[in-house]
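Engineer: My questions will all concern the structure given below.
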Amino acid sequence: MTITRVPLREQVHRAVVGRILREELAPGARISDSVMAQELGVSRTPVREALLRLEREGFLEVDVGRGFFVKPLSAREMREVYPIVWALEVLALRSVPPLPRSTIAELDRINAELARTENDPERRIDLDVLWHQTLLEGCGNQRLMEMIDSVKAVVRRYEYAYMQNSGFIPISTRTHDEITRALERGDVEAAVPLLESNWRFGMEEMLEWIEGAG
């Protein structure tokens with residue numbers, strides 16, 4: 001078994017992302033690298049590296065002279081980010097070899113649990129993440145998958161915010177099933193517009209919420 005050591009800056013990045021997703025660091029909140037370093041028990045260097053990365057990824061914004069702030073949620077960002085997610089996932093899906101029966105069965109299992117999990121929105125988010133990971137696990141393009149993970153982290157922030165306000169996450173299990181059936185037949189081109197539709201459904205539901213809140 002290979003043991004992989006996770007760099008400290010990566011551990012700090014994950015910790016800060018987790019706090020943003022859970023809104024322990026709310027939109028507009030200022031983040032002090034020295035305070036964060038003390039809370040996490042690390043030096044300021046990996047914290048600074050993580051914050052700069054989060055600024056590049058769209059989680060934070062920098063005010064020169066004042067530091068890092070959690071970026072506010074916006075309908076504009078949603079409209080920009082969601083199409084990137086489905087475009088990258090479609091690209092990955094087209095590179096995935098035909099799905100074995102075991103993967104088809106696992107997609108069905110996850111989707112069935114999703115359909116049963118009506119009253120646990122956080123679990124629904126986790127299951128949806130797992131379903132998409134399983135769908136694309138055969139993609140051999142590591143750089144592409146890293147890009148997808150990075151952009152989807154921004155999407156998760158909106159899903160968690162929506163969850164905390166509405167108590168529900170809009171996920172179309174019917175579209176999941178239609179994608180699985182198309183891939184079971186080996187019809188990738190039929191699955192492609194369905195995958196886009198799946199992401200568009202979630203985007204439109206949350207856009208209605210965020211624009212109404214504004």
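The values are calculated or read from the model by the stated rules, or taken from the named source; none is laboratory data. These numbers come from a predicted model, not from an experiment. Glycine gets a Cβ as well: all are built from the backbone with ideal geometry, and neighbour counts include every protein chain shown. Just the protein is used for accessible areas: all its heavy atoms, side chains included, with ligands, DNA and RNA removed. Shrake-Rupley method; radii C 1.70, N 1.55, O 1.52, S 1.80 Å.
Engineer: Within the range 88-97, is there a residue that is open to solvent by 30 Å² or more (accessible area, probe 1.4 Å) and free of Cβ contacts under 8 Å to residues at least 24 places away in the same chain? Lay out the reasoning, then the answer.
Structural biologist: Initial filter on the range 88-97 (open to solvent by 30 Å² or more (accessible area, probe 1.4 Å)): 91, 94-95, 97.
Applying the additional criterion that residues be free of Cβ contacts under 8 Å to residues at least 24 places away in the same chain yields none.
There is no residue in the range 88-97 that is open to solvent by 30 Å² or more (accessible area, probe 1.4 Å) and free of Cβ contacts under 8 Å to residues at least 24 places away in the same chain.
Engineer: Inside the range 1-19, can you point out the residues that are of a type in the set (A, V, I, L, M) and at pLDDT 85 or above?
Structural biologist: Within the range 1-19, Leu8, Val12, Ala15, Val16 qualify.
Engineer: Just one of (1) open to solvent by 60 Å² or more (accessible area, probe 1.4 Å); (2) part of a helix (DSSP H, G or I); (3) of a type outside the set (A, V, I, L, M) trips up Tyr160, so point out which.
Structural biologist: Tallying (1) open to solvent by 60 Å² or more (accessible area, probe 1.4 Å); (2) part of a helix (DSSP H, G or I); (3) of a type outside the set (A, V, I, L, M), Tyr160 fails exactly one: (1).
Engineer: Residues in the range 129-153 that are loosely packed, with under 14 Cβ neighbours inside 10 Å, under 14 Å from the mean Cα position of the chain (by Cα) and touching a residue at least 24 places away in the same chain (Cβ under 8 Å): how many?
Structural biologist: Residues that pass the stated criteria total 0.
Engineer: Any chance the range 3-13 includes a residue that's hydroxyl-bearing (Ser, Thr, Tyr), open to solvent by less than 90 Å² (accessible area, probe 1.4 Å) and without any contact (Cβ under 8 Å) to a residue 24 or more places away in the chain?
Structural biologist: no
Engineer: Can you tell me which residues in the range 113-128 are within 11 Å of Glu159 (Cβ to Cβ) and open to solvent by 40 Å² or more (accessible area, probe 1.4 Å)?
Structural biologist: Within the range 113-128, Glu122, Asp126 meet the criteria.
Engineer: Shifting gears a bit: Which of the numbered conditions does Ser32 fail, given that it passes all the others? Conditions: (1) under 23 Å from the mean Cα position of the chain (by Cα); (2) within 23 Å of Pro72 (Cα to Cα); (3) open to solvent by less than 70 Å² (accessible area, probe 1.4 Å); (4) modelled with pLDDT of 85 or more.
Structural biologist: (1) is the only condition that Ser32 fails.
Engineer: Right, next: Taking only pairs six or more apart or across chains, which ones have beta-carbon atoms under 8 Å, a first residue in the range 14-25 that is in contact (Cβ under 8 Å) with a residue 60 or more places away in the chain, and a second residue that is aromatic (Phe, Trp, Tyr) and part of a helix (DSSP H, G or I)?
Structural biologist: Taking only residues 6 or more apart or on different chains, the pairs are Leu21/Tyr160; Arg22/Tyr160; Glu23/Tyr160.
Engineer: When you scan the range 67-77, do you find a residue that is exposed (fewer than 13 other Cβ atoms within 10 Å of the Cβ) and either over 17 Å from Met147 (Cβ atoms) or modelled with pLDDT of 90 or more (or both), even just one?
Structural biologist: The answer is yes, given that some residue of the range 67-77 is exposed (fewer than 13 other Cβ atoms within 10 Å of the Cβ) and either over 17 Å from Met147 (Cβ atoms) or modelled with pLDDT of 90 or more (or both).
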